[in-house]
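Here is the structure we will look at, set down as structure tokens.
We did not get these values from a lab; they are worked out from the coordinates using the rules stated. Keep in mind that what you see is a predicted model, and the values were worked out from it rather than measured. Glycine also receives a Cβ, built like all others from the backbone with ideal geometry; neighbour counts cover every protein chain displayed.
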Amino acid sequence: QVKRSGKNAFRFFDPELNTHHRERITLENDLRNALLRGEFELHYQPQVSIARRQIVGMEALLRWRHPALGHLSPNAFIQVAEELGLIGEISRWVLEEACTQLASWRQEGHVGLRMSVNMSPLDFDKRDIVSSITECLARHALPPGQMELEITESLMMNDTADVAAKVRQLRSAGLSVAIDDFGTGYSALAYLQKFPVSTLKIDRSFVRDLDGPTTNPIISAITGIARGFALDIVAEGVEQPEQAEALQLLGCDVMQGYYFARPAPAHEALEWLRQPARLFPVH
Ligand code: C2E
Ligand code: MG
Ligand code: MG
Ligand code: MG
């Protein structure tokens with residue numbers, strides 16, 4: 001997702017301008033070829049319900065197997081892809097791959113599973129974004145209700161009417177829409193009325209501050225908002241048992257984070273689906 005504030009920050013902080021300029025050009029060239037060379041891969045991280053001791057969803061997270069640099073996180077290249085106008089092609093690949101994977105897991109019997117896919121705000125500039133997504137689901141014979149799109153608060157601040165219409169169309173088609181990293185942007189409650197989203201994902205910066213079964217004004221406020229708007233809630237970045245416990249007490253049941261599982265390739269994710277109990281530490 002676009003984090004404009006960090007745009008080209010390295011150019012200002014590093015004196016080795018030439019080195020970085022060269023690295024940037026190499027990255028741009030490599031990125032142009034990455035799709036053609038099949039260097040992208042999706043990893044999956046489970047979203048678990050504590051109460052049900054079940055995996056309710058998987059978030060698809062993009063990885064780039066760079067020939068020289070190894071596995072790269074999207075944080076290292078999504079913004080460049082957006083600036084180069086390559087994000088549309090990448091998003092299309094991600095959606096196609098995620099749908100293929102979900103269809104395959106459904107064949108294995110995991111029919112209740114939901115797949116979450118991260119969207120770039122730029123994807124919503126595309127006139128036919130809604131039909132290209134619903135067409136992809138149909139082609140893979142996937143119920144739209146099993147697909148969730150993750151968007152960011154920044155998306156809802158610009159060009160509101162057009163984006164809101166697209167979100168509404170996606171929701172009418174049966175898809176879920178989650179606000180990722182909720183609470184970190186310029187959270188105006190008004191947009192929750194304009195944008196019929198279905199899920200709030202509590203950003204991990206708020207989860208990080210939880211260190212025991214205690215009150216927490218931010219988490220309580222977010223779960224209160226979720227209840228008020230009848231939204232689902234997912235906490236991200238859960239790393240410690242104390243955080244999981246505190247979230248549960250604060251009314252948040254669905255969680256995602258290293259405490260349960262790190263993002264991993266599809267074959268490992270399938271093992272979790274087969275034996276979800278392995279994700280839940282015994283008490
Ligand atoms: P996000 O959507 O908020 O994803 C969560 C990030 O936190 C992921 O980083 C994940 O690996 C990491 N994470 C998960 N659990 C924990 C934890 O317990 N502790 C910590 N410290 N981190 C945790 P990742 O995979 O590097 O992705 C970074 C961001 O890149 C994502 O943030 C998302 O905004 C973006 N992204 C990922 N995949 C895609 C994609 O296919 N398309 C687009 N446009 N953006 C993507
Ligand atoms: Mg996400
Ligand atoms: Mg997130
Ligand atoms: Mg995040």
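I need a count of the residues in region 207-253 that are of a type outside the set (A, V, I, L, M), within 16 Å of ligand 2 (Cβ to nearest atom) and either without any contact (Cβ under 8 Å) to a residue 24 or more places away in the chain or under 26 Å from ALA164 (Cα atoms) (or both). Qualifying residue count, region 207-253: 2. Does region 108-122 contain at least one residue that is of a type in the set (A, V, I, L, M, F, W, C), in a helix (DSSP H, G or I), in contact with a helix residue (DSSP H, G or I) (Cβ under 6 Å, 6 or more places away or on another chain) and more than 28 Å from GLN243 (Cβ to Cβ)? Yes, there is a match, as at least one residue in region 108-122 is of a type in the set (A, V, I, L, M, F, W, C), in a helix (DSSP H, G or I), in contact with a helix residue (DSSP H, G or I) (Cβ under 6 Å, 6 or more places away or on another chain) and more than 28 Å from GLN243 (Cβ to Cβ). Out of ALA277, ALA264, ALA246, report the one residue that is among the hydrophobic types (A, V, I, L, M, F, W, C) and closer than 18 Å to HIS43 by Cα. After ruling out the rest, the residue left standing is ALA264. In region 113-140, the residues that are without any contact (Cβ under 8 Å) to a residue 12 or more places away in the chain and farther than 21 Å from ASP181 by Cβ never reach a residue that is of a type in the set (S, T, N, Q) and part of a helix (DSSP H, G or I) with C-beta atoms less than 8 angstrom apart, at least six apart or across chains.
Within region 84-103, the set of residues being away from ligand 2 (no atom under 16 Å from the Cβ) and free of Cβ contacts under 8 Å to residues at least 40 places away in the same chain comprises GLY85, GLY88, ALA103.
Please enumerate the residues belonging to region 226-238 that are assigned to a loop (DSSP other than H, G, I, E, B) and over 16 Å from ASN216 (Cβ atoms). Of everything in region 226-238, those that are assigned to a loop (DSSP other than H, G, I, E, B) and over 16 Å from ASN216 (Cβ atoms) turn out to be PHE229, ALA230, LEU231.
The criterion of at least 2 residues that are away from ligand 3 (no atom under 16 Å from the Cβ) and more than 15 Å from the chain's Cα centre (by Cα) is met by the following helices (runs of 4 or more DSSP H) wholly inside region 147-221: 160-172, 190-194.
Here is a check on your reading of the model: is ALA230 under 24 Å from ARG114 (Cα atoms), exposed (fewer than 15 other Cβ atoms within 10 Å of the Cβ) and more than 10 Å from ligand 1 (Cβ to nearest atom)? Yes; evaluated as a whole, the condition is true for this residue. When ALA98 is tested against (1) of a type in the set (A, V, I, L, M); (2) crowded, with 16+ Cβ neighbours inside 10 Å; (3) over 13 Å from the mean Cα position of the chain (by Cα); (4) assigned to a helix (DSSP H, G or I), only condition (3) is not met. If the condition is being in contact (Cβ under 8 Å) with a residue 60 or more places away in the chain and either within 16 Å of ligand 4 (Cβ to nearest atom) or in a loop (DSSP other than H, G, I, E, B) (or both), then region 73-83 contributes ILE78, GLN79. Restricting attention to region 27-49, the residues that are within 18 Å of ILE90 (Cβ to Cβ) and either away from ligand 2 (no atom under 16 Å from the Cβ) or aromatic (Phe, Trp, Tyr) (or both) add up to 16. In region 47-69, the residue that is surrounded by the fewest Cβ atoms within 10 Å (Cβ to Cβ) out of those that are closer than 28 Å to LEU35 by Cα and aliphatic (A, V, I, L, M) is ALA68.
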